[in-house]
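Computed from the coordinates by the stated procedures, all read-outs in this text should not be read as laboratory data. What you see is a predicted model, and the numbers here were worked out from it, not measured in a lab. Cβ atoms come from the backbone with ideal geometry, glycine included; neighbour counts cover every protein chain shown.
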Amino acid sequence: MAERVGVYGGTFDPIHIGHVAAARAVREHLGLDRVLVVPAGDPWQKRGRVVAAPEQRLEMVRRAVEGVEGLEVCDVEVRRGTASVTADTLEDLVAPGRDLFLVLGADAVANMGTWRRLEDTRDLATIVVVERDGERAEPPGSGWRVEHVPIPRIDVSSTAVRERIAAGASIEDLVPAATARYLEEQGIYTRGR
Ligand code: ATP
Ligand code: MG
């Protein structure tokens, strides 16, 4: 039987408990062998708004998934360094005997129309739409393989985490403990405080 591998991309600036919960829920719901969490090297749609360095975002993910069964950090996009294009990433990860599942929040699915090489993405992976609290989304056009995974809403975003840190407030309940320790050590997001 083919290995079933999830691919969960994002800026992860920083990764938070909503991301971890979504990845775990998808793995369980679809019976995936593992889910690769892939921080973008250069998230071109967020240029000018990304705060932490690629290596720091990668390390924050590494610490967040350590000890979580079936979740792994993946450095292909950070190593590539150029603008993050999902089709390029899937091509790096595809292999004989391996089925890829591209994990996306409903908001990310709604944005797919802007993707580079969108048409090439279709044949590389099944799209997994993570739907919080009854959200619905479908990839644009036809011919996609799609799975929908409903999850409860966890009201957290990377932006909210950065705002809390800038305000000197605790992020204990929003970010995995090992990640929180690292970003405190490194003083990430404390500028403007
Ligand atoms: P921002 O504050 O800039 O919107 P973010 O928290 O959405 O950041 P991203 O790195 O942009 O983080 O998100 C990566 C992926 O995680 C996207 O597919 C997004 O839909 C999904 N996602 C973001 N927040 C949550 C959450 N609370 N629960 C489940 N999935 C989430
Ligand atoms: Mg968001």
- With only alpha-carbon atoms counted, please give the Rg and Dmax of the chain, in Å. 16.1, 53
- Message: Quick check: residue separation of ALA177 and ASP92 times 0.36 nm, minus the Cα distance between them. What number comes out in nm?
- Response: 27.5 nm
- Task: Normalising by the residue count of the chain, find the relative contact order in percent from Cα pairs under 8 Å and 6+ residues apart.
- Result: 25 percent
- Message: Just to check I understand the Karplus step: with θ = phi - 60° and J = 6.51 cos²θ - 1.76 cosθ + 1.60, what whole-Hz values come out for region 74-80, glycine and proline as x?
- Response: 9, 9, 4, 6, 5, 5, 5
- Within the chain, which complete DSSP H helices have Cα atoms spanning at least 27 Å along the helix axis and a mean Kyte-Doolittle hydropathy of -0.5 or higher? none
- Message: Let me check the size of region 67-131 from its C-alpha atoms; what are the radius of gyration and Dmax in Å?
- Response: 12.5, 36
- Task: Obtain the radius of gyration and the Kirkwood radius of region 1-61 from its C-alpha atoms and give Rg over Rh.
- Result: 1.04
- Provide, in order from the shortest bin, the percent of all Cα-Cα pairs of region 27-100 in each 10 Å bin, continuing until the bin that contains the maximum pair distance. 18, 45, 31, 6
- Query: For region 3-186, with the dipole built from +1 on Lys and Arg beta-carbon atoms and -1 on Asp and Glu ones, taken about the Cα centre, which of VAL51, ALA169, LEU90 lies farthest toward the positive end?
  - Reply: VAL51
